[in-house]
Each structure stands twice: as structure tokens, then as C-alpha cells.
Amino acid sequence: MVKRKVKVVKTRQVNTYYEMWRVSYWTLHQAEAKFEGSFFQIMASLIFTAFALEAYLNHIGKSIFNCWSDLERLSPYAKMNIIAEKLQIEKDDSSRPFQTVQRLFNFRNDVAHGKTILLRSEKQISAADASIEKYMHKWLEPEWEKYCTLKNAKRARDDVERIIKIFHNTANIEDDTLFFGGRAGSHATLIQ
């Protein structure tokens, strides 16, 4: 009996921005479903929303710039600016959606390049004031922790989605995989 061989070729286009987008969605969904103790899910959703936008910028950047490998090392916000300029998109950093993304990328940078810091608060309160107990037990938070709210996570996802759609539609990219995981395929050939 002759053993025949088969050559199998498999391909998969992975849209990394979409995978990050899914993580962002599911962690936010978990936080909404059970808000108590959801700080880490909210934080993860914000981080992965920022990652999704940066990955999308890399996705579209290589489609509209021949020299994207030289530009890829720019900060996420700089990438967004250069792509917006190339596509002639009017950006207003003082209003949504770009205002949100500016804060989101600052949050991403604070977490990604985290540093140990000492927080200190000093306040004079009357000993008879009932709020002293609340103040004594209030946790001191850096700005990035204060940013981890359900409202900010929802707003970030809404505004990042708007930006991605604006960029994608303006670039006229023939790509049916926007907000989709990519394409996969395989085929086998009998080897004689």
C-alpha cells in the first residue's frame, strides 16, 4: 500500500485591533454585569480600548503610507495625528471624539510606563465634622486610577469606534473586515 502525502496550506489574517476590541468589550460587559468590585475589568477595558485604537492605526497606516515601518515607532497620539493629516481629517482636540482619545492615550501611557509615586494629602477638618470619618478612609488615587470609571470606559469605546469609522471611511479602504476578526482559509493538495 502506497502512503500518499497531502500538502496542507493554511492562512489566517489576524486583525489585532479587533482582538483588542473584543477584550475591551468583554471586560466592560463584565463590569456592567457586576459593578461591585469591577475596578480591574474597567481598567482592562480602558487599556484594551487604547490598544485597539493603536493597533487599528497600525493597520490603516500601512495601507496609506509606504514608509509606515518608519512611522510605526511614533506615539499612538502622533500616529493618529499623522494619519488624520494624510487623510485630511479635521481634528478638534477640544471636543469628542478626539478629546476623549487624548485622555485615553494619556491613561494608557501612565499605566504602560508606570512609576512608583508617593501621594500625600493634607486637610484641616473640624473634629466635630461628621465627614472626618469618610475622609480618613478615602483612598488617595493617582489620575490614572481616577480615570477608571464605567462612564469613561463607555465613552472611550464609543469615541474610539467613531474615530476608527471616520478614518476607515475616509481612507476608502476596500476591506470588509472592519470590526471583524480577519480571514482564514486552508486547502489541501494531494502529492503524487
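Every number in this text was worked out from the coordinates using simple rules, so none of it is lab data. Just so it is clear, the model here is predicted, and its values are computed rather than measured. Every residue, glycine among them, receives a Cβ derived from its backbone with ideal geometry; neighbour counts consider all protein chains shown.
Overview of values
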{"quantity": "DSSP H segments from the chain that extend 18 Å or more along their own axis, Cα-based, with Kyte-Doolittle mean of 0.5 or above", "calculated": "39-64"}
{"quantity": "10 Å binning of all Cα-Cα separations within region 93-156, expressed as whole percents from 0 upward", "calculated": "17, 36, 26, 19, 3"}
{"quantity": "Cα→Cβ-extended label distance, 7 Å offset, between Lys62 and Leu74, nm", "calculated": "1.7 nm"}
{"quantity": "The chain: translational diffusion in µm²/s, Stokes-Einstein, Kirkwood Rh over Cα pairs, 10 °C, 1.306 mPa s", "calculated": "81 µm²/s"}
{"quantity": "Volume per residue of the C-alpha convex hull in region 17-74, rounded to whole Å³", "calculated": "59 Å³"}
{"quantity": "Spatially close lysines, pair count over region 30-99: Cα under 24 Å, gap of eight or more or interchain", "calculated": "4"}
{"quantity": "GNM top mover of Asn169, Asn109, Asn152 - the chain, alpha-carbon springs below 10 Å", "calculated": "Asn169"}
{"quantity": "By average C-beta atoms within 10 angstrom, highest first, the peptides 153-159, 119-125, 80-86", "calculated": "153-159, 80-86, 119-125"}
{"quantity": "Alpha-carbon Rg with Dmax, taken over region 76-189, Å", "calculated": "21.7, 84"}
{"quantity": "Contact order relative to length of region 1-130, as percent, for alpha carbon pairs under 8 angstrom and 6 or more apart", "calculated": "19 percent"}
{"quantity": "Ranked His137, His168, criterion: other C-beta atoms within 10 Å, fewest first", "calculated": "His137, His168"}
